[in-house]
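This report concerns only the one structure given below.
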Amino acid sequence: MDAKELLATYVLSYLKGKKVIGIGTGRTVRKLIEVLSGDDSIRKDSLFIASSIDTEIELSKYGFNVISPLSGIQPLVYIDSFDLVTKNGIMIKGGGGALLREKVLAYFSEYRIFIGEFSKLKDIKIIDVPVEVISISLNYVKKELEKRGFNVKVREGTGKIGPIISDNGNAILDVSVKDEDLCKFDKTVKEIPAVIETGVFCKELYDKIILADEQGKIEE
Ligand code: 5RP
């Protein structure tokens with residue numbers, strides 16, 4: 001069994017019986033949705049709040065009940081993956097361009113679980129952090145960050161000219177940040193008016209990280 005499938009099967013017990021489930025975005029989440037589709041009670045009895053259009057489409061394909069965050073109903077549990085987790089337990093998300101709604105759901109959910117392969121546990125000194133910014137201000141923010149000494153790349157869309165546009169209509173910058181400065185950066189960068197959110201998920205945004213590998217090893 002591959003690690004994504006193993007993780008999806010493993011977290012079933014955390015999701016079973018939960019009336020409202022918030023759910024992230026990406027390949028791990030796609031695998032999770034596929035696995036969940038085999039569980040009649042979750043498919044019939046749970047309501048899902050999706051963190052992206054992609055995930056909403058995927059949930060609808062399998063006949064899950066999807067509700068809008070506009071309902072104001074807060075998930076009892078939020079489940080998602082991440083691009084990397086540092087040795088200090090800080091996650092980076094937004095590799096797929098979804099980070100804002102993911103952070104909103106993680107913040108407003110009662111219990112937050114993140115799943116990923118051991119290979120996502122990285123010990124690197126400089127990390128690319130996705131930063132979601134108001135599109136028209138893209139170059140102002142880029143210049144401001146460069147002035148502050150950061151290396152900044154505009155995230156390009158695949159197969160089209162120009163920056164990638166998020167589900168929220170915003171652009172994404174990838175900013176190189178020192179490992180030890182991630183949580184400080186997350187707070188200070190939002191002092192720039194056009195910056196909406198970053199893909200840094202510090203400890204207050206999760207309750208559990210579960211890691212697995214192809215050999216069947218699982219660690220919480
Ligand atoms: C999307 C995300 C994803 O959680 C992250 O990119 C991991 O994705 P995958 O499961 O495909 O490895 O933050 O923006």
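Just so it is clear, none of the values below were taken in a lab; they were calculated from the coordinates. What you are looking at is a predicted structure, and each value in this text was computed from that prediction instead of being measured. Every residue, glycine as well, gets a Cβ built from its backbone with ideal geometry; the counts of neighbours run over all protein chains shown.
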>> Give me, ordered by chain and number, the residues 5 or more places off Tyr111 or on other chains with an amide H under 5 Å from its own placed amide H.
In response: Val77, Tyr78
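Given an 8 Å cut-off on Cα distances and at least 6 residues of separation, report the relative contact order of segment 46-159 as a percent. Mind dumping the intermediate values first?
Values: 111 pairs, mean separation 26.0, N = 114.
Across segment 46-159, relative contact order equals 23 percent.
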> Once amide H atoms are built 1.01 Å from N in the peptide plane, which residues 5 or more positions from Leu84, or in another chain, come under 5 Å H to H?
Replying inline: Ile92
>> Let me test this: with uniform point scatterers at the alpha carbons of segment 110-157, what is the Debye-based log₁₀ I(q)/I(0) at q = 0.17, 0.23, 0.26, 0.29 1/Å?
In response: -0.74, -0.91, -1.01, -1.15
>> From the C-alpha coordinates alone, can you work out the Kirkwood hydrodynamic radius of segment 82-128, in Å?
In response: 11.6 Å
> Taking only the alpha carbons of segment 1-93, what extent do you get along each of the three principal axes, in Å, biggest first?
Replying inline: 37, 32, 23
>> Among Val85, Gly38, Ala212, which residue has its Cα furthest toward the positive end of the charge dipole of the chain, with +1 on Lys/Arg Cβ and -1 on Asp/Glu Cβ?
In response: Val85
> Principal axis lengths of segment 56-157 from Cα atoms, whole Å, largest first?
Replying inline: 47, 36, 25
>> Going by amide H atoms built from the backbone, whose H comes under 5 Å of the H on Val177, apart from near neighbours?
In response: Ile127, Asp128, Val129
>> How large is log10 of I(q)/I(0) for the chain at q = 0.08, 0.10, 0.11, 0.18 Å⁻¹ when the intensity is taken from the Debye formula with one equal scatterer per alpha-carbon?
In response: -0.28, -0.44, -0.53, -1.31
> Convex hull over the alpha-carbon atoms of segment 157-220: what's its volume per residue in Å³?
Replying inline: 174 Å³
> If contacts are Cα pairs under 8 angstrom and at least 6 residues apart, what is the relative contact order of segment 22-70 in percent?
Replying inline: 42 percent
>> So for each of 144-153, 80-89 I average, over its residues, the number of other beta carbons within 10 Å; can you give me the resulting order with the highest mean first?
In response: 80-89, 144-153
